[in-house]
Amino acid sequence: MTIKEKLIILSDSAKYDASCSSSGSTRSNDSGTGNAAYSGICHSFASDGRCISLLKILMTNSCIFDCKYCINRRSNDVKRAIFTPTEICEITMNFYKRNYIEGLFLSSGIIKSPDFTMEKLIETLYLLRNKYHFNGYIHVKAIPGASDILLKRLGSLADRVSANIELPTTTGLKLLAPNKEESKVTKIMKTIKINRSKKFTPAGQSTQMIVGATSESDLEILGKSESLYNNYSLKRVFYSAYIPVNKDRLLPTIKTPPLVRENRLYQADWLLRFYNYKVDDLLNKDNPNFNILLDPKADWALRHLDEYPKEINEASYYDLLKIPGIGPKNARKIISTRKYYKLEFKDLKKMNISLKRAKYFILCNGKYFTDTNVFNKKIIQANLVLEDKIINNTGVQLSLFNE
(Lines give C-alpha, C1' and ligand atoms only; values in the text may rest on other atoms or scores of the structure.)
Protein backbone atom coordinates (compact mmCIF):
# COMPACT_ATOMS: atom_id res chain seq x y z
CA MET A 1 0.00 0.00 0.00
CA THR A 2 1.39 3.42 -0.95
CA ILE A 3 1.75 6.38 1.41
CA LYS A 4 -1.00 8.18 -0.50
CA GLU A 5 -3.39 5.26 -0.10
CA LYS A 6 -2.66 5.09 3.62
CA LEU A 7 -3.16 8.82 3.95
CA ILE A 8 -6.56 8.66 2.28
CA ILE A 9 -7.72 5.88 4.61
CA LEU A 10 -6.27 7.18 7.87
CA SER A 11 -7.20 10.84 7.42
CA ASP A 12 -10.77 9.82 6.61
CA SER A 13 -10.86 7.54 9.67
CA ALA A 14 -9.79 10.42 11.90
CA LYS A 15 -12.58 12.80 10.88
CA TYR A 16 -14.98 11.67 13.61
CA ASP A 17 -12.72 12.91 16.42
CA ALA A 18 -13.72 16.50 17.17
CA SER A 19 -11.45 17.17 20.14
CA CYS A 20 -8.75 18.92 18.21
CA SER A 21 -7.50 22.11 19.84
CA SER A 22 -4.14 23.82 20.35
CA SER A 23 -4.49 27.14 22.15
CA GLY A 24 -2.25 27.73 25.13
CA SER A 25 1.01 26.14 24.01
CA THR A 26 4.21 28.19 24.38
CA ARG A 27 6.78 25.82 22.88
CA SER A 28 9.34 28.18 21.28
CA ASN A 29 11.52 27.62 18.24
CA ASP A 30 15.05 27.61 19.64
CA SER A 31 16.25 25.44 16.78
CA GLY A 32 14.59 23.33 14.11
CA THR A 33 11.33 23.75 12.24
CA GLY A 34 8.00 25.19 13.33
CA ASN A 35 6.71 27.07 16.34
CA ALA A 36 3.84 25.78 18.50
CA ALA A 37 2.93 29.25 19.71
CA TYR A 38 1.61 30.07 16.25
CA SER A 39 -0.02 26.81 15.29
CA GLY A 40 -3.55 25.66 15.89
CA ILE A 41 -6.65 23.66 15.11
CA CYS A 42 -7.44 21.69 11.97
CA HIS A 43 -9.90 23.67 9.88
CA SER A 44 -10.95 25.91 12.72
CA PHE A 45 -10.24 29.32 14.21
CA ALA A 46 -7.75 30.36 16.88
CA SER A 47 -8.62 32.63 19.79
CA ASP A 48 -7.16 35.56 17.85
CA GLY A 49 -9.40 34.86 14.83
CA ARG A 50 -6.86 33.17 12.57
CA CYS A 51 -7.98 30.26 10.40
CA ILE A 52 -5.54 27.49 11.20
CA SER A 53 -4.99 23.86 10.34
CA LEU A 54 -3.09 20.76 11.36
CA LEU A 55 -2.62 17.32 9.92
CA LYS A 56 -5.26 15.10 11.50
CA ILE A 57 -4.67 11.38 11.08
CA LEU A 58 -4.79 8.02 12.80
CA MET A 59 -1.64 5.98 13.16
CA THR A 60 -3.88 3.00 12.35
CA ASN A 61 -7.59 2.30 11.97
CA SER A 62 -7.11 -1.30 13.11
CA CYS A 63 -8.48 -1.83 16.61
CA ILE A 64 -8.93 -4.66 19.08
CA PHE A 65 -12.04 -2.94 20.52
CA ASP A 66 -15.57 -3.28 19.15
CA CYS A 67 -17.32 -0.02 20.10
CA LYS A 68 -20.79 -0.07 18.51
CA TYR A 69 -20.69 3.53 17.21
CA CYS A 70 -17.15 3.47 15.76
CA ILE A 71 -16.48 2.98 12.05
CA ASN A 72 -13.12 1.39 12.95
CA ARG A 73 -14.53 -1.23 15.33
CA ARG A 74 -13.08 -4.71 15.14
CA SER A 75 -16.17 -6.33 13.60
CA ASN A 76 -16.47 -3.87 10.71
CA ASP A 77 -15.35 -4.96 7.26
CA VAL A 78 -13.39 -1.82 6.30
CA LYS A 79 -10.07 -1.33 4.59
CA ARG A 80 -7.31 -1.16 7.20
CA ALA A 81 -3.98 0.64 7.12
CA ILE A 82 -1.13 1.51 9.44
CA PHE A 83 1.56 4.19 9.31
CA THR A 84 5.05 3.57 10.57
CA PRO A 85 6.45 6.27 12.86
CA THR A 86 8.88 7.33 10.11
CA GLU A 87 6.07 7.69 7.56
CA ILE A 88 4.09 9.96 9.90
CA CYS A 89 7.19 12.11 10.47
CA GLU A 90 7.93 12.46 6.76
CA ILE A 91 4.33 13.36 5.90
CA THR A 92 4.17 15.90 8.69
CA MET A 93 7.44 17.58 7.70
CA ASN A 94 6.60 17.63 3.99
CA PHE A 95 3.16 19.11 4.65
CA TYR A 96 4.55 21.68 7.06
CA LYS A 97 7.29 22.84 4.69
CA ARG A 98 4.66 23.29 1.97
CA ASN A 99 2.59 25.40 4.37
CA TYR A 100 -0.32 22.94 4.21
CA ILE A 101 -0.46 22.60 8.01
CA GLU A 102 0.74 24.19 11.22
CA GLY A 103 0.98 21.09 13.36
CA LEU A 104 -0.14 17.51 13.94
CA PHE A 105 -3.15 15.84 15.54
CA LEU A 106 -2.42 12.15 16.01
CA SER A 107 -4.72 9.46 17.32
CA SER A 108 -4.92 5.73 16.80
CA GLY A 109 -6.93 2.57 17.03
CA ILE A 110 -5.60 0.13 19.62
CA ILE A 111 -3.37 -2.57 18.20
CA LYS A 112 -2.15 -5.56 20.25
CA SER A 113 -2.47 -3.70 23.57
CA PRO A 114 -2.72 -0.15 24.99
CA ASP A 115 0.98 -0.19 25.96
CA PHE A 116 2.12 -1.36 22.52
CA THR A 117 0.07 1.38 20.81
CA MET A 118 1.38 4.06 23.18
CA GLU A 119 4.96 2.96 22.53
CA LYS A 120 4.42 3.49 18.79
CA LEU A 121 2.92 6.94 19.39
CA ILE A 122 5.88 7.85 21.61
CA GLU A 123 8.34 6.62 18.99
CA THR A 124 6.64 8.85 16.41
CA LEU A 125 6.77 11.95 18.58
CA TYR A 126 10.35 11.26 19.67
CA LEU A 127 11.48 11.10 16.06
CA LEU A 128 9.62 14.29 15.17
CA ARG A 129 11.15 16.23 18.05
CA ASN A 130 14.70 14.83 18.01
CA LYS A 131 15.48 13.54 14.52
CA TYR A 132 13.38 15.94 12.44
CA HIS A 133 13.66 18.81 14.97
CA PHE A 134 9.98 19.68 14.64
CA ASN A 135 9.01 22.29 17.25
CA GLY A 136 5.50 22.83 15.96
CA TYR A 137 2.31 21.98 17.78
CA ILE A 138 1.46 18.33 18.46
CA HIS A 139 -1.80 17.09 19.94
CA VAL A 140 -1.87 13.35 20.59
CA LYS A 141 -4.56 11.06 21.96
CA ALA A 142 -3.42 8.93 24.89
CA ILE A 143 -4.52 5.31 24.99
CA PRO A 144 -6.61 4.47 28.10
CA GLY A 145 -5.14 1.52 29.96
CA ALA A 146 -1.52 2.26 29.09
CA SER A 147 1.01 2.60 31.92
CA ASP A 148 1.70 5.88 33.73
CA ILE A 149 5.35 5.73 32.67
CA LEU A 150 4.35 5.74 29.00
CA LEU A 151 1.84 8.55 29.55
CA LYS A 152 4.52 10.73 31.14
CA ARG A 153 6.89 10.07 28.25
CA LEU A 154 4.13 10.98 25.80
CA GLY A 155 3.30 14.16 27.72
CA SER A 156 6.91 15.32 27.66
CA LEU A 157 6.89 15.24 23.84
CA ALA A 158 3.42 16.65 23.05
CA ASP A 159 1.84 20.05 23.55
CA ARG A 160 -1.54 18.56 24.33
CA VAL A 161 -2.42 15.02 25.43
CA SER A 162 -6.07 14.09 25.73
CA ALA A 163 -8.40 11.13 26.09
CA ASN A 164 -12.04 10.88 25.02
CA ILE A 165 -14.66 10.24 27.69
CA GLU A 166 -16.93 9.21 24.76
CA LEU A 167 -20.25 8.97 26.65
CA PRO A 168 -21.47 10.90 29.71
CA THR A 169 -22.53 7.90 31.81
CA THR A 170 -20.97 4.56 32.69
CA THR A 171 -24.26 2.90 31.71
CA GLY A 172 -24.00 4.26 28.18
CA LEU A 173 -20.34 3.29 27.96
CA LYS A 174 -21.04 -0.29 29.03
CA LEU A 175 -23.85 -0.51 26.49
CA LEU A 176 -21.98 0.77 23.42
CA ALA A 177 -18.28 0.46 24.32
CA PRO A 178 -17.98 -2.50 26.72
CA ASN A 179 -14.17 -2.65 26.27
CA LYS A 180 -13.73 0.89 27.63
CA GLU A 181 -13.75 2.07 31.23
CA GLU A 182 -14.30 5.65 32.35
CA SER A 183 -11.86 5.18 35.24
CA LYS A 184 -9.01 4.59 32.78
CA VAL A 185 -9.82 7.85 30.98
CA THR A 186 -10.10 9.92 34.17
CA LYS A 187 -6.81 8.40 35.38
CA ILE A 188 -5.14 9.96 32.31
CA MET A 189 -6.85 13.29 33.04
CA LYS A 190 -5.68 13.23 36.65
CA THR A 191 -2.07 12.47 35.68
CA ILE A 192 -2.04 15.31 33.13
CA LYS A 193 -3.50 17.77 35.64
CA ILE A 194 -0.97 16.87 38.34
CA ASN A 195 2.09 16.93 36.07
CA ARG A 196 1.22 19.73 33.69
CA SER A 197 4.02 22.27 33.23
CA LYS A 198 5.90 24.15 30.50
CA LYS A 199 7.59 20.88 29.59
CA PHE A 200 4.64 18.52 30.10
CA THR A 201 1.47 19.05 28.04
CA PRO A 202 1.80 22.86 28.12
CA ALA A 203 -1.44 23.25 26.14
CA GLY A 204 -3.41 21.20 28.66
CA GLN A 205 -6.01 18.60 27.76
CA SER A 206 -9.43 18.22 26.17
CA THR A 207 -11.98 15.46 25.66
CA GLN A 208 -14.97 14.54 23.53
CA MET A 209 -18.49 13.26 24.15
CA ILE A 210 -20.85 11.77 21.60
CA VAL A 211 -24.29 13.38 21.57
CA GLY A 212 -27.35 11.31 20.76
CA ALA A 213 -25.93 7.79 20.65
CA THR A 214 -27.50 7.03 24.04
CA SER A 215 -30.52 8.41 25.89
CA GLU A 216 -28.78 10.87 28.25
CA SER A 217 -30.39 14.29 28.61
CA ASP A 218 -28.59 17.59 28.02
CA LEU A 219 -28.55 17.99 31.81
CA GLU A 220 -26.57 14.76 32.20
CA ILE A 221 -24.17 15.67 29.37
CA LEU A 222 -23.51 19.20 30.60
CA GLY A 223 -23.30 17.98 34.20
CA LYS A 224 -20.52 15.60 33.16
CA SER A 225 -18.73 18.47 31.39
CA GLU A 226 -18.95 20.71 34.47
CA SER A 227 -17.53 17.91 36.60
CA LEU A 228 -14.63 17.36 34.18
CA TYR A 229 -13.83 21.08 34.10
CA ASN A 230 -13.87 21.32 37.88
CA ASN A 231 -11.96 18.12 38.63
CA TYR A 232 -9.37 17.99 35.84
CA SER A 233 -8.97 21.59 34.59
CA LEU A 234 -9.82 20.68 30.99
CA LYS A 235 -9.36 23.31 28.29
CA ARG A 236 -12.32 22.11 26.25
CA VAL A 237 -15.03 19.51 26.12
CA PHE A 238 -15.96 18.80 22.50
CA TYR A 239 -19.41 17.56 21.55
CA SER A 240 -19.86 15.32 18.53
CA ALA A 241 -23.34 14.69 17.14
CA TYR A 242 -23.86 10.96 16.71
CA ILE A 243 -23.39 9.93 13.07
CA PRO A 244 -24.99 6.61 12.10
CA VAL A 245 -22.07 4.89 10.39
CA ASN A 246 -22.87 1.39 11.70
CA LYS A 247 -25.95 -0.77 11.97
CA ASP A 248 -26.58 -2.30 15.38
CA ARG A 249 -29.69 -3.00 17.41
CA LEU A 250 -28.23 -1.02 20.32
CA LEU A 251 -27.74 2.12 18.25
CA PRO A 252 -30.49 4.71 17.65
CA THR A 253 -32.19 4.80 14.27
CA ILE A 254 -31.83 8.33 12.95
CA LYS A 255 -31.58 9.82 9.46
CA THR A 256 -29.61 12.95 10.31
CA PRO A 257 -27.16 13.73 13.15
CA PRO A 258 -28.51 15.98 15.97
CA LEU A 259 -26.43 18.96 14.88
CA VAL A 260 -28.67 21.65 16.39
CA ARG A 261 -28.52 19.89 19.74
CA GLU A 262 -24.74 19.72 19.43
CA ASN A 263 -24.68 23.45 18.75
CA ARG A 264 -26.82 24.21 21.84
CA LEU A 265 -24.41 22.20 24.00
CA TYR A 266 -21.46 24.17 22.63
CA GLN A 267 -23.28 27.43 23.38
CA ALA A 268 -24.07 26.28 26.92
CA ASP A 269 -20.49 25.07 27.40
CA TRP A 270 -19.32 28.57 26.46
CA LEU A 271 -21.63 30.01 29.13
CA LEU A 272 -20.07 27.72 31.74
CA ARG A 273 -16.51 28.66 30.84
CA PHE A 274 -16.77 32.40 30.14
CA TYR A 275 -20.11 33.75 31.41
CA ASN A 276 -20.16 32.56 35.03
CA TYR A 277 -23.20 30.30 34.53
CA LYS A 278 -23.62 26.96 36.29
CA VAL A 279 -25.40 23.90 34.92
CA ASP A 280 -28.14 24.39 37.52
CA ASP A 281 -28.79 27.86 36.10
CA LEU A 282 -29.51 26.46 32.66
CA LEU A 283 -31.19 23.10 33.23
CA ASN A 284 -32.95 21.10 35.94
CA LYS A 285 -34.89 17.85 36.37
CA ASP A 286 -38.10 19.51 35.22
CA ASN A 287 -36.36 21.05 32.23
CA PRO A 288 -33.53 18.61 31.35
CA ASN A 289 -33.02 19.54 27.67
CA PHE A 290 -32.24 22.77 25.85
CA ASN A 291 -34.77 24.62 23.75
CA ILE A 292 -33.84 23.74 20.18
CA LEU A 293 -35.32 27.02 18.91
CA LEU A 294 -33.39 29.39 21.18
CA ASP A 295 -29.78 29.65 22.30
CA PRO A 296 -29.41 28.83 26.04
CA LYS A 297 -28.58 32.39 27.07
CA ALA A 298 -31.64 33.91 25.39
CA ASP A 299 -33.81 31.10 26.73
CA TRP A 300 -32.53 31.76 30.27
CA ALA A 301 -33.27 35.48 29.89
CA LEU A 302 -36.85 34.79 28.79
CA ARG A 303 -37.36 32.54 31.80
CA HIS A 304 -36.06 35.30 34.10
CA LEU A 305 -37.71 38.43 32.70
CA ASP A 306 -38.16 39.68 36.27
CA GLU A 307 -34.40 40.43 36.29
CA TYR A 308 -34.70 42.75 33.28
CA PRO A 309 -34.29 45.36 31.95
CA LYS A 310 -30.75 46.06 33.10
CA GLU A 311 -29.39 49.60 33.02
CA ILE A 312 -26.30 49.63 30.82
CA ASN A 313 -24.69 52.47 32.76
CA GLU A 314 -25.04 50.76 36.14
CA ALA A 315 -25.03 46.96 35.62
CA SER A 316 -22.09 44.98 36.96
CA TYR A 317 -19.82 42.98 34.69
CA TYR A 318 -21.62 39.72 35.49
CA ASP A 319 -25.03 41.32 34.99
CA LEU A 320 -23.92 42.57 31.59
CA LEU A 321 -22.89 39.02 30.68
CA LYS A 322 -26.49 37.89 31.27
CA ILE A 323 -27.79 40.20 28.54
CA PRO A 324 -28.30 38.40 25.18
CA GLY A 325 -26.07 39.95 22.55
CA ILE A 326 -23.36 41.04 25.01
CA GLY A 327 -20.27 38.91 25.59
CA PRO A 328 -17.16 39.29 27.78
CA LYS A 329 -15.34 41.56 25.32
CA ASN A 330 -18.24 43.98 24.93
CA ALA A 331 -19.02 43.88 28.65
CA ARG A 332 -15.47 45.01 29.40
CA LYS A 333 -15.75 47.67 26.70
CA ILE A 334 -19.00 49.01 28.21
CA ILE A 335 -17.51 49.23 31.71
CA SER A 336 -14.38 50.94 30.41
CA THR A 337 -16.26 53.48 28.27
CA ARG A 338 -18.97 54.46 30.76
CA LYS A 339 -16.30 55.79 33.14
CA TYR A 340 -16.12 58.86 30.93
CA TYR A 341 -19.74 59.49 29.90
CA LYS A 342 -23.25 58.04 30.00
CA LEU A 343 -23.81 55.54 27.22
CA GLU A 344 -26.69 55.87 24.75
CA PHE A 345 -28.02 53.28 22.29
CA LYS A 346 -26.09 55.00 19.50
CA ASP A 347 -22.89 54.39 21.47
CA LEU A 348 -23.69 50.68 21.75
CA LYS A 349 -24.15 50.53 17.97
CA LYS A 350 -20.72 52.06 17.47
CA MET A 351 -19.30 49.38 19.76
CA ASN A 352 -20.77 46.71 17.45
CA ILE A 353 -23.03 45.31 20.16
CA SER A 354 -25.87 43.17 18.79
CA LEU A 355 -28.83 45.41 19.61
CA LYS A 356 -31.11 43.06 17.68
CA ARG A 357 -30.85 40.78 20.70
CA ALA A 358 -29.86 43.10 23.54
CA LYS A 359 -32.50 45.80 22.99
CA TYR A 360 -35.23 43.73 24.66
CA PHE A 361 -33.32 43.46 27.92
CA ILE A 362 -31.61 46.82 28.52
CA LEU A 363 -32.08 50.49 29.36
CA CYS A 364 -29.78 53.37 28.45
CA ASN A 365 -30.16 56.30 30.85
CA GLY A 366 -33.53 54.90 31.92
CA LYS A 367 -34.86 54.68 28.35
CA TYR A 368 -35.97 51.68 26.32
CA PHE A 369 -34.95 51.15 22.73
CA THR A 370 -37.61 52.94 20.65
CA ASP A 371 -39.21 49.88 18.99
CA THR A 372 -38.98 47.53 21.99
CA ASN A 373 -41.81 46.20 24.12
CA VAL A 374 -39.96 44.40 26.93
CA PHE A 375 -43.15 43.18 28.55
CA ASN A 376 -44.45 41.14 25.59
CA LYS A 377 -42.64 37.85 26.06
CA LYS A 378 -44.22 36.27 22.98
CA ILE A 379 -43.02 39.05 20.66
CA ILE A 380 -39.54 38.96 22.16
CA GLN A 381 -39.32 35.21 21.81
CA ALA A 382 -40.54 35.23 18.21
CA ASN A 383 -37.94 37.83 17.27
CA LEU A 384 -35.14 35.96 19.04
CA VAL A 385 -36.12 32.69 17.38
CA LEU A 386 -36.08 34.43 14.00
CA GLU A 387 -32.66 35.92 14.74
CA ASP A 388 -31.32 32.52 15.81
CA LYS A 389 -32.75 30.94 12.69
CA ILE A 390 -30.92 33.46 10.51
CA ILE A 391 -27.63 33.10 12.43
CA ASN A 392 -27.57 29.30 12.66
CA ASN A 393 -29.66 28.40 9.61
CA THR A 394 -31.54 25.80 11.65
CA GLY A 395 -34.62 25.86 9.43
CA VAL A 396 -37.02 25.96 12.39
CA GLN A 397 -40.58 27.25 12.09
CA LEU A 398 -41.68 30.22 14.18
CA SER A 399 -45.04 28.61 14.88
CA LEU A 400 -43.27 25.93 16.95
CA PHE A 401 -41.85 28.11 19.71
CA ASN A 402 -43.08 27.63 23.27
CA GLU A 403 -45.41 30.20 24.81
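The values are calculated or read from the model by the stated rules, or taken from the named source; none is laboratory data. Predicted model, so just to flag it, every value in this text is computed and none were measured. Note that we place each Cβ from the backbone using ideal geometry, even for glycine, and neighbour counts take in every protein chain shown.
Brief remarks on what is shown
- Within segment 306-327, being touching a helix residue (DSSP H, G or I) at 6+ places or on another chain (Cβ under 6 Å), surrounded by 14 or more Cβ atoms within 10 Å (Cβ to Cβ) and outside any loop (DSSP other than H, G, I, E, B) holds for Lys310, Leu320, Leu321.
- If you go through segment 71-119 and pick out every residue that is crowded, with 22+ Cβ neighbours inside 10 Å and of a type in the set (Gly, Ala, Ser), you end up with 4.
- Conditions (1) in contact (Cβ under 8 Å) with a residue 24 or more places away in the chain; (2) under 21 Å from Asn76 (Cβ atoms); number of the one not met by Tyr239: (2)
- Residue match in segment 350-371 (condition: at pLDDT below 80, farther than 17 Å from Ile334 by Cβ, over 28 Å from the mean Cα position of the chain (by Cα) and buried (at least 17 other Cβ atoms within 10 Å of the Cβ)): no
- Ala268 meets each of the listed conditions (1) within 30 Å of Ile149 (Cβ to Cβ); (2) buried (at least 21 other Cβ atoms within 10 Å of the Cβ) apart from (1).
- Between Lys141, Lys180, the distinction of being within 27 Å of Tyr69 (Cα to Cα) and over 18 Å from the mean Cα position of the chain (by Cα) belongs to Lys180 only.
- Boolean, Arg98 is closer than 25 Å to Ser206 by Cα, of a type in the set (D, E, K, R) and out of contact with any strand residue (DSSP E or B) (no Cβ under 7 Å at 6 or more places or on another chain): no
- Restricting the first member to segment 55-70 and to residues that are crowded, with 21+ Cβ neighbours inside 10 Å and at pLDDT 95 or above, and the second to residues that are aromatic (Phe, Trp, Tyr) and outside any loop (DSSP other than H, G, I, E, B), no beta-carbon pair is closer than 9 Å while six or more apart or on different chains.
- Failed item, numbered, when Ser25 is tested on (1) surrounded by fewer than 17 Cβ atoms within 10 Å (Cβ to Cβ); (2) in contact with a helix residue (DSSP H, G or I) (Cβ under 7 Å, 6 or more places away or on another chain); (3) at pLDDT below 90: (1)
- Screening the candidates Ser240, Ser197, Ser227 for the property of being assigned to a helix (DSSP H, G or I), small (Gly, Ala, Ser) and closer than 30 Å to Ile122 by Cβ yields one hit, Ser227.
- Note on segment 269-286: among residues that are free of Cβ contacts under 8 Å to residues at least 60 places away in the same chain and not in a loop (DSSP other than H, G, I, E, B), the one that is farthest from Gly327 (Cα to Cα) is Asp280.
- Number of the condition not met by Thr171 [criteria: (1) part of a helix (DSSP H, G or I); (2) touching a helix residue (DSSP H, G or I) at 6+ places or on another chain (Cβ under 7 Å); (3) over 25 Å from Ile122 (Cα atoms)]: (2)
- Qualifying position, being assigned by TED's automatic domain parsing to the domain that holds Ala158 and closer than 14 Å to Met59 by Cβ, among Lys131, Lys97, Lys120: Lys120
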